[in-house]
Structure formats: structure tokens, C-alpha cells
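Here's the structure we're looking at; comments come further down.
The values are calculated or read from the model by the stated rules, or taken from the named source; none is laboratory data. Fair warning: this is a prediction, and the values are worked out from it, not measured in the lab. Positions of Cβ are backbone-derived with ideal geometry, glycine not excepted, and every protein chain shown enters the neighbour counts.
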Amino acid sequence: MKKRIGVLTSGGDAPGMNAAVRAVARTAISKGMEVVGIKRGYNGLLNGDYFMMEKSSVSGIIKRGGTCLYTARCLEFVKPEGVLKGKERCEELGLDGIVVIGGDGSFRGAADLSAAGIPCIGIPGTIDNDIQCTEYTIGYDTALNTATEMIDKLRDTAQSHDRCSVVEVMGRKAGFIAVNVAIAVGAEAVITLERPYDLDAIAAKMIKVRNSKNGKHHFLIVVAEGVGQTENIARSLQEMTGIESRVTVLGHVQRGGSPTLRDRVIATEMGYHAVELLEQGIGNRIVGLKDGKVYDIDLQEGLAMKKPFIDDRYDIFYDTAY
Ligand code: ADP
């Protein structure tokens, strides 16, 4: 009998998820397996919202942002009864395994389903790059490039008006996007959850820089979403410096758009590797990148690892800032 696997995308979407879905579907079909596309994360599994995929089901999607399988959060699946129902659905469907593309929340679901007896493979798809067991998560490169492009545009207008632009970038729990983007756009300051910040010092530096010989009159401050103080930061800086400070929240634009080459290629490699594992009957693994190469690690072990902050890069930012 042909092996049959499922594929779903779950949690926050990320550009490049489509490339991963495509790789899973095409690899599995090439290897003589059947593939079930499950819609809207674990919801589709519980509600019977799925379809048999063909090679043509994923035609033309590698360059598209978002996910053709749609994504959602599924509260029912967080409860043991939800996982049990998911396992029963997999058995009814004759699934020999599922590839789950998502972030650490989605991986917890995959770990539970694996423990219930359904082999699951997690592929990291999140713009936050906040999963320790992998050097890279699909969507990160595209999100960084999108944010950089947007902030470059803001710099133009901030410069023309001698303004301070306070830009909030995504990262509810992690400041990785903020620090890297701050370097890329040549920001004057970056504020993240992981490191304490001193608005008095930032304001004093802005005044000093403005009054210096080559006086700089426009400023860019990058703030990670998780700090939750973007409006207050802008207001305080304006009060302390007298420099007009405007807030821009980049928001969900950072999640969209056509994935970069890096995202497409890594997503394809990860999707391919995930299918190879399921083909051998191996489940309960996360596919990741280590020393630049695709590898896999036990789901629980990978989930238990905590990602340290990029302190070295944070320091490089401040040492190279104006
Ligand atoms: P992400 O995968 O991007 O981190 P979430 O944290 O929202 O996104 O998780 C996505 C989905 O994964 C949840 O809606 C839920 O269906 C499932 N999930 C999250 N945490 C768990 C858990 N502890 N046990 C089982 N399923 C979970």
C-alpha cells in the first residue's frame, strides 16, 4: 500500500511556507507517496478540511507569500482531547505521518500528536527566527529585507523633514529582527526586550549629534514590538530633544511578500528532508539548519532549548552607530 502523509501550516504565516509545502508535496509524490493537504492548521485536521494533493496543486506557489494551505490557531488542539481527536482523524485518513510547518507553538502540537502515535515532523516557519535548535526559520530573510526596504523609505522622508522616525518592527518575544534591521538601515538606536534601554542617554546622544560640527538632524530609532512602548518612546524623545518624532508600526507587511531566494531554497531543502524522514517511518523530529546544513533533532529536545540573545550583534550595532 502507498504511504500517505499530511502537510499543514500552523500559527503565524511566513513567506516561504509555500515553498516548503510545495517541496513536501512534490517530493512525496515523486517518491510514490500520497499527500493530503490539511487546511488552516490543526483545525483542518479536526474538522475534515483537507484534500488530496497532486503535483499541480502546488504549481506557481513558490514565489508567493502567505500559505496556500491557509493557517490558523486551533485552541481545541492545545487540550488532550483535541490531540486525541487529531490522532483518530489521522487513523481514519490513513496518514503515516504529518509535516507541520510553523513556529514553536505548532511544534508543541506536533510533539503531542507524535506522542499519541502519529509520526510528525516540524519545519520551522516563522519570521522571528526564535527557535534555538535551528540556525534559521523560514520567512526570516524575507521579513528582514521587507523591513529594511520600508525603513529605508522612512529614512528618506525623516531626512527631508529633520525628523526622528521611531519604527516598530515585529518580534513579540524576540529582538532578532530589530537588531539586524537596525544594523541594515543604519539606525541611531535599537530598543529590544532583551537589553535594558536608557531613553535619557538616547536623547542626550541625539542632541549631541545634532549640535555637532556636521550636525545630523534626522534619526531612526528601531523598536521591537515586544517592548510595547513605541508611542511612549517617541513622545519622550520628542519632549527631551525638541525633535519631532513620529511613530511608524510596520506590522503585518513584514509577514507578506514574495519570499527571497534564501527562504525558497531553505524551505525546499527542509521540505525534502522532512519527507525523507517520514518515508523511513521516522517521526517526532524537527528539521533545522545547523552549520548551514539541514539536519533533524528530537522534537522535545529541540523545543526544550532556549535561544540566547544576539548580544554580540547588539554590541556591534552600537559600536557602528553614529
Ligand atoms: P506558532 O506555531 O507560530 O508559534 P502558536 O503558538 O499560535 O503559533 O501555535 C499554533 C497552534 O499550535 C495553536 O493554535 C495550537 O493549535 C497548536 N499548539 C500550540 N501550543 C500547543 C500545545 N502546548 N499543545 C498542543 N498544541 C499546541
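Some points to look at:
- Test: residue in segment 12-22 that is buried (at least 24 other Cβ atoms within 10 Å of the Cβ) and closer than 16 Å to I118 by Cα: no
- When we screen K87, K3 for residues that are within 16 Å of the ligand (Cβ to nearest atom), closer than 24 Å to G281 by Cα and either among the acidic types (D, E) or in contact (Cβ under 8 Å) with a residue 24 or more places away in the chain (or both), the only hit is K87.
- Subset of segment 125-153 (residues that are within 10 Å of R255 (Cα to Cα) and hydroxyl-bearing (S, T, Y)): T126, Y140, T142, T146
- The number of residues in segment 90-115 that are within 9 Å of the ligand (Cβ to nearest atom), in a helix (DSSP H, G or I) and of a type outside the set (S, T, Y) comes to 9.
- Candidate set: segment 116-129, residues that are in contact (Cβ under 8 Å) with a residue 40 or more places away in the chain and over 12 Å from the mean Cα position of the chain (by Cα); chosen: the one farthest from the ligand (Cβ to nearest atom): P119
- Unmet criterion (only one of (1) closer than 12 Å to I138 by Cβ; (2) buried (at least 23 other Cβ atoms within 10 Å of the Cβ)) for L299: (1)
- Given (1) in contact (Cβ under 8 Å) with a residue 12 or more places away in the chain; (2) in a helix (DSSP H, G or I), index of the condition T157 fails: (1)
- Some residue of segment 199-207 being at pLDDT 95 or above and within 27 Å of the chain's Cα centre (by Cα): no
- Positions within segment 130-158 being within 15 Å of the ligand (Cβ to nearest atom), among the aliphatic types (A, V, I, L, M) and at pLDDT 95 or above, in sequence order: I138, A143
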